[in-house]
Amino acid sequence: MKYIVGNWKMNGLTAEAQALAGELKSNIRENAARKVVVCPPAPVLPMVQGALKGAPIFLGGQDCHYAEKGAYTGDISAAMLADAGCRYVIVGHSERRVGHGENDALVSRKAEAAGKAGLTPIICIGETLAEREAGKTLEILMRQAFQSVPKSLNEEIIIAYEPVWAIGTGKTATEGEIEETQGAVRQAFLRERGLEQSRLSVLYGGSVKAGNAGAILALPSVGGVLVGGASLIAEEFCAIAAAVN
Ligand code: PGA
């Protein structure tokens, strides 16, 4: 089973979100080989949930706070996302790590809060171009994976590998780079935690589109894709979902 996850980021006013959700509902059919998830901005979650009713598409949040509730102005708890119909939540996206100074310890607390609220966190890791050029890719990814994924997560674990230099740039890692990098992280993580293969999905993200999704999804270490820009175009996202076979 492969995950096809759409991260709408900070895009989607009511009318656009409604139109996009409507098109996804009309075009995405049940298929046991994949799980489709969309992560719209929080204000439109209830509307998107209504628009997708009956479709084989799950909802996810884009971030959550580590606390259950309280005086955290502007933040959203995992329980609030679950209450709005979410089953998943992205945590530790590089746009949060870089733009909001989030570190592994915080990401781990968020992932733990997600698990407690009954959500499955999609925990993002990824190296910058400077780190890759300095030959530090695996060191960075292992550190992020080991420190951002809480040991208390006792069900399914989803890690999304998104090279920072591939996000929104049109540059994708080559299939060889993805397989080599993800394969190494996957094996090291399974070994370190003593987990069975089936407990862990490692998704790839970074300029995934209809044209490259099939080849990426066919890689053995790839448990799915996390799609940003192309998830805002119904035709592209549906074609990516259709690339699972
Ligand atoms: P992109 O974004 O597909 O636009 O590169 C991916 C992501 O940031 O999740």
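Numbers below:
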| quantity | calculated |
| --- | --- |
| Other-chain or far-sequence residues with amide H under 5 Å of V37's (modelled H) | I4, V5, G6, F58 |
| Integer Hz, Karplus 6.51/-1.76/1.60 couplings in order for the stretch 75-89, x for Gly and Pro | 8, 10, 8, 4, 5, 5, 5, 4, 5, 8, x, 7, 10, 10, 8 |
| Choice from T169, T137, T181 with maximal GNM fluctuation in the chain (Cα, 10 Å cutoff) | T169 |
| Pair E155, L195: separation of 7 Å Cα→Cβ label points (nm) | 1.4 |
| Alpha-carbon Rg/Rh ratio, for the stretch 52-151, with Rh computed the Kirkwood way | 1.03 |
| Positive-end extreme of charge dipole, the chain - chosen from G12, V36, A239 (charges on Cβ) | V36 |
| Compactness of the chain, expressed as Rg and Dmax over alpha-carbon positions, Å | 16.7, 48 |
| Around G99: net Lys/Arg minus Asp/Glu count, Cβ-Cβ under 12 Å | 0 |
| Residue of Q147, Q197, Q182 that the Gaussian network model of the chain assigns the largest fluctuation, springs spanning Cα pairs under 10 Å | Q197 |
| Expected-Rg normalisation [2.2 N^0.38 Å, Cα atoms] applied to the stretch 80-200 | 1.05 |
| Ellipticity estimate at 222 nm from DSSP helix runs (n ≥ 4, -39,500 (n - 2.57)) divided over the chain, nearest 500 | -12000 deg cm²/dmol |
| Fewest-first ranking of L129, L24, using other Cβ atoms within 10 Å as the exposure measure | L129, L24 |
| Where trypsin sites (Lys or Arg not before Pro) in DSSP loops with at most 13 other Cβ within 10 Å are excluded, longest remaining stretch of the chain | 70-150 |
| Within the stretch 3-38, backbone nitrogen closer than 19 Å to the virtual label 7 Å beyond the Cα of A218 toward Cβ | 3-4, 33-34 |
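Bear in mind these aren't lab numbers, they're just calculated from the coordinates by the rules spelled out. Since the model is a prediction, treat every value here as computed from it, not as a measurement. Methodologically, a virtual Cβ is constructed for each residue, glycine included, from the backbone with ideal geometry; neighbour enumeration extends over all protein chains shown.
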